[in-house]
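Heads up: the structure comes next, in structure tokens.
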Amino acid sequence: MNFLLPTFTLWQREMVRFFRQKNRIIGALATPLVFWVLIGSGMGKSFRPPGDETTSALSYMYPGIMVMIILFTAIFATISVIEDRREGFLQSVLSSPAPRESIVFGKILGGSSIALVQALVFLVFAPLAGFTITLTSFIPLLVVLFLLGFGLTGLGFVMAWQMDSTQGFHAIMNLFLMPMWLLSGSFFPVSGAPAWLQFVMMANPLTYGLRALRRVLESGSVGFFNSTMDLGFTFLFSVLIFILGLWVVRKRTVIS
Amino acid sequence: MSSEDFINIKCLGYRYGDHTALDDFNLSIGKGEIFGFLGPNGSGKTTLFRIMATLLPIQKGKITVDGYSLNETPNEVRKRIGVVFQSPSLDGKLTVRENLIHQGHLYGFRGEKLKSRIAELIQQFQIEERLGDLVENLSGGLKRRVEIAKGLLHRPEILLLDEPSTGLDPAVRLQLWKLLADLNRSEETTILVTSHILEEMENCDILAILDRGKRVALDSPERLKNQVGGEVLTIETSEPLRLAENLQNKFQLGLFQDGNELRIETREGVLLMQKIHESFSDQLSTIRLSKPTLGDVFLKLTGHNFGSVS
């Protein structure tokens, strides 16, 4: 059985659905934007990252807010899995001979494409945070944003697949996904945190993606190659989460 | 493999925790049959449907479809079955056409081949004019038609339908069964359908009646009804226990009691009805004589009323 055709069709479905539901476009963008403007401006002069007296809070938080947009988009894109599998579109996908790899890949690819679109919309605010996007930094930026989107959509997918109710997913979101975002260096730098928290932050896969994103935004294309390790970890996380996704789909088809 | 063994279910068992949904279930289904699974809620038919649709793993036993093992080669089975789900598997945010295209892609259909197959289906199911409409704007009957068209897109040899009449009004239900009969005749599609609606299952060639995870009967609807002797007297009364005792003492009858209802199988219905009416008219609310229904068959086989199980 062909892998590409089912993958393409499932990806396309995600995209078409997304652009037809205007409230989703706003939902995933507006909240982070409000957070950014209010917290970033509100902190004003009371926040200075250690060792860097010139960066404003608005500027420091910008990459983190971008990750938050990706996170929210990933959650929106994967929460539908819970109901879709029991009584919806996914039933017929699962009973079709489409390879399970393409079911997982199509869904995650769809979610990460949407996340990429949302993040690019947010890019118009980059000058407000003091970042200039150049032609040479744009491609590396796309790569980082896509990898972040893939990892987070994959994570959402793996979690949603094991849930029986959307309420359970909301709990996971508040207790796990939001702290994961908070402890990625998006809100405060790793270096200023107490040792035990630093340890948690370094174990957080999102920390590396965020660091790569920050570096690309700050220093353009040259910095991109300096973040090889960060990018490598982020890529590795995406691969692992895909394998995990495949595993949960094979293990559990419907609610039993 | 003879045509009687087109689908073969052997010693199938399924448990949800402590609850046994299917217990040592055996069945053979012939090619080209319209085969019905009749049972109340909780009888195991939905579990069986999900296993057949390859959505639940086989815990115990073996199923073969057209010679292919569902346990070992589920993808071969998936290519041969079309599935129509009880709760629509259509994407409401997409148009009818988009839904059909996605379905085609999932089965490896594309380009001209897919286009001409969709053109065939929309004609057969009379959905040409709604092709560009979002599925969420269609009526229940129309959605079910599109759902069936979707299940048939890859020309499966077997069509599997789970409670296809749920939520449809009687006129649409009739249409649906006509459609299934046409399909069975023109394409020799084997049709497997589950239902808890007794009347519509009369349309099946063969019926398996399920109760509490077990197969309690397997035959044509006609022959099943013939198992119930002659006619059925149904009595409604406010004092079922007292009346039942009275009837047993006076006429030595075998009868079933369910709530305020007493049922008696009899070969001399009119005469017995007169006699009961003469002796106990003060205890009767209504009394009626009818041909046996599949509900009577179920009652006779299981000892409980079809509607009262849940």
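Would it be correct to say that residue A:141 is of a type outside the set (S, T, N, Q), closer than 24 Å to residue A:247 by Cβ and within 16 Å of the chain's Cα centre (by Cα)? No. The lone criterion from (1) under 21 Å from residue A:239 (Cα atoms); (2) surrounded by 18 or more Cβ atoms within 10 Å (Cβ to Cβ) left unmet by residue A:100 is number (2). Scanning the range B:14-43 for residues that are closer than 25 Å to residue B:166 by Cα, surrounded by fewer than 23 Cβ atoms within 10 Å (Cβ to Cβ), of a type in the set (Gly, Ala, Ser) and at pLDDT 90 or above returns a single hit, B:32. Comparison of B:225, B:250 shows that the only residue that is under 22 Å from residue B:201 (Cα atoms) and either surrounded by 14 or more Cβ atoms within 10 Å (Cβ to Cβ) or modelled with pLDDT of 80 or more (or both) is B:225. Show me the helices (runs of 4 or more DSSP H) found entirely inside the range A:19-107 where at least 1 residues are at pLDDT below 90. The qualifying helices (runs of 4 or more DSSP H) are A:22-43, A:57-87. Has the range A:60-81 got any residue that is within 13 Å of another protein chain (Cβ to nearest Cβ), over 25 Å from residue A:128 (Cα atoms) and out of contact with any Asp or Glu (no Cβ under 8 Å at 6 or more places or on another chain)? The answer is yes; a qualifying residue exists. Of the residues screened, residue A:13 is not one that is within 14 Å of chain B (Cβ to nearest Cβ) and out of contact with any His (no Cβ under 8 Å at 6 or more places or on another chain). Is it the case that some residue within the range B:97-111 is away from every other protein chain (no Cβ under 14 Å), modelled with pLDDT under 95 and out of contact with any helix residue (DSSP H, G or I) (no Cβ under 9 Å at 6 or more places or on another chain)? Among the residues of the range B:97-111, not one is away from every other protein chain (no Cβ under 14 Å), modelled with pLDDT under 95 and out of contact with any helix residue (DSSP H, G or I) (no Cβ under 9 Å at 6 or more places or on another chain), which makes the answer no.
Checking each residue in the range B:270-307 for being hydrophobic (A, V, I, L, M, F, W, C) and free of Cβ contacts under 8 Å to residues at least 24 places away in the same chain picks out B:270, B:271. Of the strands (runs of 3 or more DSSP E) entirely within the range B:8-76, those holding at least 1 residues that are within 12 Å of chain A (Cβ to nearest Cβ) occupy B:19-29.
Residues in the range A:28-44 include at least one that is more than 12 Å from every other protein chain (Cβ to nearest Cβ), at positive phi and of a type outside the set (Phe, Trp, Tyr). Within the range B:99-115, the set of residues being of a type outside the set (Phe, Trp, Tyr), more than 24 Å from residue B:177 (Cα to Cα) and surrounded by 20 or more Cβ atoms within 10 Å (Cβ to Cβ) comprises B:101, B:102, B:104, B:105, B:106.
The values are calculated or read from the model by the stated rules, or taken from the named source; none is laboratory data. All values reported here derive from a predicted model rather than from experimental measurement. All Cβ positions, glycine included, derive from the backbone under ideal geometry; neighbour counts span all protein chains shown.
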